[in-house]
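One structure is given here, and the rest of the page talks about it.
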Amino acid sequence: MRARGLFTRTALVLGLAFLYLPILSMIVFSFNNSRLVTVWDTAHSPTLKWYVALMSNEQILRAAWLSIRIALIAASAAVVLGTLAGMALTRLGAFRGRMLLAGMTTAPIVMPEVITGLSLLLLFVAMQQLIGWPKGVGAVTITLAHITFCMAYVTVVVQSRLSGFDEALEEAAMDLGARPLRVFLRITLPLILPAIASGWLLAFTLSWDDLVITQFVAGPGSSTLPMVIFSKVRFGVTPDVNALATIMVLIVATGIAVSTAWMRYRQQRRVRDLQLAAAANL
Amino acid sequence: MKSAIPNVNVMPPAADPDSAYVRIANLTKRFGDFMAVDDVSLDIRRGEIFCLLGGSGSGKTTLLRMLAGFELPSAGTIRIDGADMSAIPPYERPVNMMFQSYALFPHMSVEKNVAFGLEQEGRGREQIRHQVGEILDIVKMGGFGARKPHQLSGGQRQRVALARALVKRPKLLLLDEPLAALDKKLREHTQFELLNIQQRLGVTFIVVTHDQEEAMTLGTRLGVMNHGRIAQIGTPADIYESPATRFVADFIGSVNMFEGRVSDEGSDCLRIDCTELGCTVRAERTVSCTRGAIVWTAIRPEKINISRQPPTAAGQPGPAENAVRGTVREIAYMGDMSIYLVQIDSGRVMRVTLPNVMRGAERPIARQESVWLSWHGSSPVVLTE
């Protein structure tokens, strides 16, 4: 019994170390004074100078702002399209080509990113020649490409939520005099909102850190943050990249912590309510 | 099986158009090759509780969903208060429904759930509040307005669902298995409460249920459904005491059924030779049949007498009438009554129930005892189909 406890504990520690040591070392070295990434300057560390340098780095700030804008637009558009696709797939019943549509909406998830990126680039070039839009590659084409692959993830999330949806709820609303649009806005939408929200967050993160597809459809002057980091790293890692990455980790960690805490609170409240209801029943 | 139960249209079209509040005519619903509802014609009167009773797949729920407007009929018409419902979507019908799952909106409080229907009509806030409070008081859920559905017990949810369906004061309320989700004790209590509320508000109820007990206590009239058709319509007593077909006799309550041949027909009584039973059955003449016709006699278990001595009329020599000999095989003591399974001399087993009138009867009938079973001439029901 003790041996097993020791074993599982060791496995846990090793697993966590495997996952988080790289990130931890990156965070530590972001406070390093030395220009050399691998040498710890004991005399002048820790320091915040790379963070200060980051704030005045025009290129990185511009790239971060572009990435945020693209992620916001792409996630929002993907949520609208993905929700519609998810509803169509769960609600329309057996229509001709249903399996095909289901397969096609989720294909981008399993498709190699290189292929998705290349095919999108070819499409954009062809479209420009035919209808003159989009003009060249840049922020617009990056956003369109991100919507394309983010939508697939949102569809899957929304679809799974809708498949467990009691359609009697919608019928009841209709029976009480609500027209279809009102039924959707007052009943369906509020109930699938958690799925839509998590789909949006997923899409935002995917868009925020996508590199491969973005590289295909980006143009001069439209470098996203992952592209800037990647190009900087190619000329050797500099400590300001560590600082940038640390900030990103901090943002993501805060987001996860807040959403987990909120879900826990809701779960606890639900359990308490159920216990109260059961007690009232006695 | 299907051909054995033809569509019996017991209700002739009412002469007074006002008496038929809901008029269903030749209603049919096909799902692919499957006939869910097959040419059903039915009149429902104002203010009554009409129970549609049937097993699963009998078409009762599909019929209800067509009344609510969730399914479109393949053929036939539904008229509610004289108005054709064919082109009316569910949100414009003068009908409300209580769902089997209750379908309470989980993200809204009890008050909001009940108010939802009134909000769709664009009533004023004060009026909505007043009406919601009133109906919640009627279903005795007055103090629970702020609760969410998951904070309620099953019985409380059922009341809220009822309040939500009644708050718009519909003239017709559809109830899909209203008591199925409640436990037995609560079900009995709620049944009477439902009757009380129905009488107070004067709403016409159409109840779908698979539970015959529920249908008998709730319904002013029952419609027994089988394979998408109406097998019989009548009051609970009609259906129980005078079933029209073998299916109905067998479906409602339990029954001892024997095939036989009509041997003699008097002006008001029939004699039927039952080889399976080993005696001649004398029954009241309720159906028209000729000598030699194959018929079935159905006798309810509680209408059979059990005794050690041969009944007086059967003591005479010659073939016995309405009496058979048998051996008690099993006795099930139920408290208020006992069920006896008696193997008669022909080999068939008959089911007999007797109320336990006396405490500690002196010499109760025991297993393996030889007994006589007899019944009155009014007890057997003669069925031709």
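Every number here is computed from the coordinates shown, using simple stated rules; none is lab data. Because the structure is predicted, anything quoted here is derived from the model rather than measured. Virtual Cβ from ideal backbone geometry, glycine too; neighbours counted across all protein chains shown.
Some notes on this structure:
- Options A:PHE204, B:ALA249, B:THR327, ranked by Cα towards positive dipole end of the protein assembly as shown, top entry (Cβ charges): A:PHE204
- Annotated for the protein assembly as shown: lysine pairs at least 8 residues apart or interchain, Cα distance under 26 Å, count 21.
- For the stretch B:169-230, the convex hull drawn through the C-alpha positions has a volume of 94 cubic angstrom per residue.
- Using a cutoff of 8 angstrom between alpha carbon atoms and counting only pairs six or more residues apart, the relative contact order for the stretch B:110-162 works out to 46 percent.
- Sparse-neighbour loop sites [trypsin sites (Lys or Arg not before Pro); the stretch A:51-124; at most 13 other C-beta within 10 Å; DSSP]: A:ARG96
- Inter-label distance for A:LEU193 and B:GLU193, nm, one decimal - labels placed 7 Å from Cα along Cα-to-Cβ: 3.1
- Helix-only arithmetic for chain B: the sum of -39500 (n - 2.57) across DSSP H runs with n ≥ 4, divided by the residue total, places the mean residue ellipticity at 222 nm at -6500 deg cm²/dmol.
- Legend: helices of chain A (whole DSSP H runs) are marked when their alpha-carbon atoms reach 20 angstrom or more along the helix axis and their mean Kyte-Doolittle hydropathy is at least -1.0; marked are A:2-29, A:58-91, A:113-131, A:139-163, A:189-208, A:239-281.
- At q = 0.09, 0.16, 0.21 Å⁻¹, base-10 log of I(q)/I(0) for the stretch B:182-313 (Debye sum, equal scatterers on each alpha carbon): -0.39, -0.93, -1.27
- A:SER119 paired with A:ARG69, simple spin-label distance in nm, labels 7 Å along Cα-to-beta-carbon: 2.9
- Here A:SER231, A:SER56, A:SER223 are placed in order of increasing Cβ neighbour count within 10 Å, fewest first, which gives A:SER56, A:SER231, A:SER223.
- Computed from backbone phi, the HN-Hα couplings of the stretch B:266-277 come to x, 6, 10, 9, 10, 10, 10, 8, 10, 6, 5, 9 Hz, rounded to whole numbers (Karplus: 6.51 cos²θ - 1.76 cosθ + 1.60, θ = phi - 60°; Gly and Pro given as x).
- Of all DSSP bridge pairs formed entirely within the protein assembly as shown, close to 75 percent run antiparallel.
- Förster radius 22 Å - calculated FRET efficiency between A:ARG62 and A:THR254 (Cβ-Cβ, nearest 0.05): 0.40
- Kirkwood-Stokes translational diffusion coefficient of chain A, alpha-carbon pairs, 37 °C, 0.692 mPa s, µm²/s: 145
- Over chain B, equivalent-ellipsoid semi-axes from the Cα gyration tensor in Å: 47, 26, 16
- Rounded to the nearest 10 degrees, the angle from helix B:110-120 to the longest Cα principal axis of chain B is 70 degrees.
- Each listed q (0.13, 0.16, 0.20 Å⁻¹) maps to a log10 I(q)/I(0) for the stretch B:254-383 from the Debye sum over equal C-alpha point scatterers, namely -0.53, -0.78, -1.13.
- In nm, spacing of pseudo-spin labels at A:PHE95 and A:TYR20 (7 Å Cα→C-beta vector): 4.8
- Cα convex hull volume per residue for the stretch B:18-57 (Å³): 68
- Cα long-axis angle, helix B:184-201 against chain B (0 to 90 degrees, to the nearest 10): 60
- Taking every Cα-Cα distance in the stretch B:284-355 and sorting them into 10 Å bins from zero, the calculated P(r) comes out as 16, 41, 33, 10, 1 percent.
- Distance histogram in 10 Å bins (all Cα pairs of the protein assembly as shown, percent per bin): 3, 11, 15, 16, 14, 13, 11, 7, 5, 4, 2, 0, 0
- Qualifying trypsin sites (Lys or Arg not before Pro) for the stretch B:277-385 [loop in DSSP, other Cβ within 10 Å: at most 10]: B:ARG308, B:ARG359
- Considering only alpha-carbon pairs that sit under 8 angstrom and 6 or more positions apart, the relative contact order computed for chain B is 15 percent.
- Helices in chain A, meaning DSSP H runs of at least 4 residues, each add -39500 (n - 2.57). Divided by all residues, the mean residue ellipticity at 222 nm is -26000 deg cm²/dmol.
- Debye log10 I(q)/I(0) at q = 0.13, 0.14, 0.22 Å⁻¹ for the stretch B:40-132, Cα point scatterers: -0.60, -0.69, -1.24
- Spatial separation of Cα centroids for the stretch A:1-73 and the stretch B:127-206, in angstrom: 60
- Normalised contact order of the stretch B:254-383, rounded percent, pairs of Cα under 8 Å and 6 or more residues apart: 30
- Sparse-neighbourhood loop sites, chymotrypsin sites (Phe, Trp or Tyr not before Pro) in the stretch A:5-75 - DSSP loop, at most 10 other Cβ within 10 angstrom: none
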